[in-house]
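Worksheet: one structure, shown below.
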Amino acid sequence: MKKNFIWMLAAILLCGTMTTVLTACGDDDDDDSSSPSSSANVYEVTLSALLPRCSAPYMKVQLEYTDADGKSQTVTVQEGDQSQTISDAAMDIYRSLTNQYRTNPANVEILDNFIVRNFTMRVPAGKSYSYEGTVVVRNDFSAPEGKVNVIRPCVISTAKRISGNSADHSDLANNGSLSIICSFGIAADSFESIISRWDGRDVGSGSVTMK
């Protein structure tokens, strides 16, 4: 009798231990499923350098930029370059910047005829990039005869999130302070003085830290 009692007690204790172990395992599984993981964003930043074709015989765009790894590059966009495709986001910004000139339908065709080159980089959240675009007036141009149209070039910065599930801050890349100057129907006798004032002008710059 006493021997049977001891075996029953041992069985009860063993079952209790197994129940505790199984319960603990079940709690761990519940914790994992109720705590979704989050990862930091990574963005693809694009610098779009636009050189209007009406301006290309007289000027270039020089772009200096530094990526998220601290690597710097200098590139030039000029007449004869193969134009690339501008993104919808960059085109929306360009249209907004030139909206005041689009009331005249004849200007629209001139505005939207440009050479564009895109320079892309990956920028993780918490990392920075910087860029500076400037006008370089050509020293080999011939002054036009009669009237001419000239549109100042620009560099447009945009971004899109390519990975991560944190809040999307792509709009941080958009350079809201950029402005574009257009001169339609410039007389030949004032052309050179206007062009010379544009030499070295900032046409899009910024230093951006993505989130």
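The values are calculated or read from the model by the stated rules, or taken from the named source; none is laboratory data. It should be emphasised that the depicted structure is a prediction, and the values quoted were computed from it without experimental measurement. For neighbour counting, all protein chains shown are included, and Cβ atoms are generated from backbone atoms with ideal geometry for every residue, glycine included. Calculation scope for accessible area: heavy atoms of the full protein, side chains included, ligands and nucleic acids excluded. Shrake-Rupley method; radii C 1.70, N 1.55, O 1.52, S 1.80 Å.
Miscellaneous remarks
- Checking residue 141 against (1) without any contact (Cβ under 8 Å) to a residue 24 or more places away in the chain; (2) open to solvent by less than 70 Å² (accessible area, probe 1.4 Å); (3) in a loop (DSSP other than H, G, I, E, B), the condition it does not meet: (1)
- For the range 66-81, the set of residues classified as within 21 Å of the chain's Cα centre (by Cα) and within 30 Å of residue 107 (Cβ to Cβ) consists of 75, 76, 77, listed by residue number.
- Residue check for residue 176: at positive phi, at pLDDT below 90 and not basic (Lys, Arg): no
- Residues that are touching a helix residue (DSSP H, G or I) at 6+ places or on another chain (Cβ under 8 Å) and surrounded by fewer than 20 Cβ atoms within 10 Å (Cβ to Cβ), drawn from the range 46-62: 46, 54
- The range 158-202, residues that are among the hydroxyl-bearing types (Ser, Thr, Tyr), closer than 30 Å to residue 140 by Cα and within 18 Å of the chain's Cα centre (by Cα): 179
- Which listed residue is among the small types (Gly, Ala, Ser) and touching a strand residue (DSSP E or B) at 6+ places or on another chain (Cβ under 6 Å), from 125, 90, 106: 90
- Single match in 159, 167 (criterion: in contact (Cβ under 8 Å) with a residue 40 or more places away in the chain, open to solvent by less than 40 Å² (accessible area, probe 1.4 Å), among the hydrophobic types (A, V, I, L, M, F, W, C) and more than 18 Å from residue 59 (Cβ to Cβ)): 159
- Set side by side, the residues 155, 148 differ, and just one is of a type in the set (A, V, I, L, M), farther than 30 Å from residue 39 by Cα and modelled with pLDDT of 95 or more, which is 155.
- Among the residues making up the range 173-211, those that are touching a residue at least 60 places away in the same chain (Cβ under 8 Å), closer than 18 Å to residue 107 by Cβ and open to solvent by 30 Å² or more (accessible area, probe 1.4 Å) are 179, 184.
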